[in-house]
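Taken together, the values in this text are just the output of simple stated rules run on the coordinates, not laboratory data. Values in this document were obtained by computation on a predicted structure and should not be read as measured data. No Cβ is skipped: glycine too gets one built from the backbone with ideal geometry, and neighbour counts run over all protein chains shown.
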Amino acid sequence: MYKNSNFNTSKHNKNDEFYTCVSDVEREICNYKEELYGKSVLCNCNDGEESAFRKYLSENFMRFGLKKLTAIKYCPDSAGYVLETERINGKQLVKKSALDGSGAFRRDECR
């Protein structure tokens, strides 16, 4: 029988923050290596720097043959920003640029 000890502990501690682990992302993403080749991926998330998806895909950017990886950083009280990883001349380059708005996923700049 499967136990939900983490959830039960959190319930009692009133901690409702659960994040995806990089190991979970790895187990899932490795099934799509061929489909990712040459593709652009958008991680429209609350924290583009801490996102497990962005971390894993950035670390394996060249291995998966990604064209571009874009991650959003949501900042509710100020301007959000974008982290863009691209392959230029065979090298992986990361560029950070500010958004006009907060980076909320419903804003036009994040669609």
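Please label the shape of the stretch 15-111 as rounded, prolate or oblate, based on the square roots a ≥ b ≥ c of the eigenvalues of the alpha-carbon gyration tensor (a/c under 1.5 means rounded; beyond that, a/b larger than b/c means prolate, else oblate).
Cα axes put the stretch 15-111 in the oblate bin.
List the GluC sites (Glu not before Pro) within the stretch 24-62 that DSSP assigns to loop and that have no more than 13 neighbouring Cβ atoms inside 10 Å.
49, 50
For a quick check: with amide H placed at 1.01 Å from N, whose amide H comes under 5 Å from residue 66's, ignoring anything fewer than 5 positions away on the same chain?
Those lying under 5 Å, H to H, from residue 66 are 38.
Which of the trypsin sites (Lys or Arg not before Pro) found in the stretch 57-107 are in a DSSP loop and have at most 16 neighbouring Cβ atoms, other than their own, within 10 Å?
67, 106, 107
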